[in-house]
1. In segment 32-56, which residues are of a type in the set (A, V, I, L, M, F, W, C) and assigned to a loop (DSSP other than H, G, I, E, B)?
2. Scan 22, 5 and give me the residue that is part of a helix (DSSP H, G or I) and either in contact with a helix residue (DSSP H, G or I) (Cβ under 8 Å, 6 or more places away or on another chain) or at pLDDT 95 or above (or both).
3. I'd like the full set of residues that are buried (at least 18 other Cβ atoms within 10 Å of the Cβ) and either aromatic (Phe, Trp, Tyr) or out of contact with any helix residue (DSSP H, G or I) (no Cβ under 7 Å at 6 or more places or on another chain) (or both), limited to segment 30-42.
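The values are calculated or read from the model by the stated rules, or taken from the named source; none is laboratory data. Nothing here was measured: the structure is a model prediction, and the numbers come from that model. When we count neighbours, we look across all protein chains shown, and the Cβ atoms used for this are built from the backbone with ideal geometry, even at glycine.
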Amino acid sequence: MVRIVERLVPDDREVLAAIVFVATSGCTWQQLPAASFGPTGATAHRRFTEWTTATV
């Protein structure tokens, strides 16, 4: 059961990798290849916004 939850909820490392990819590649959040990173562009953008607001 734990493995299923882990796959449904991307961990911080996967999200950070997605954010760095968007920042360095010039692609948009919508163009993020979720198959390569795990989280969708919308999820990565939401977490980026949350972390920015929290000054992480």
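1. Passing the criteria: 32, 54, 56.
2. Numbers: 5 fails: either in contact with a helix residue (DSSP H, G or I) (Cβ under 8 Å, 6 or more places away or on another chain) or at pLDDT 95 or above (or both).
Only one candidate passes the filter, namely 22.
3. 37 - this is the single residue of segment 30-42 that is buried (at least 18 other Cβ atoms within 10 Å of the Cβ) and either aromatic (Phe, Trp, Tyr) or out of contact with any helix residue (DSSP H, G or I) (no Cβ under 7 Å at 6 or more places or on another chain) (or both).
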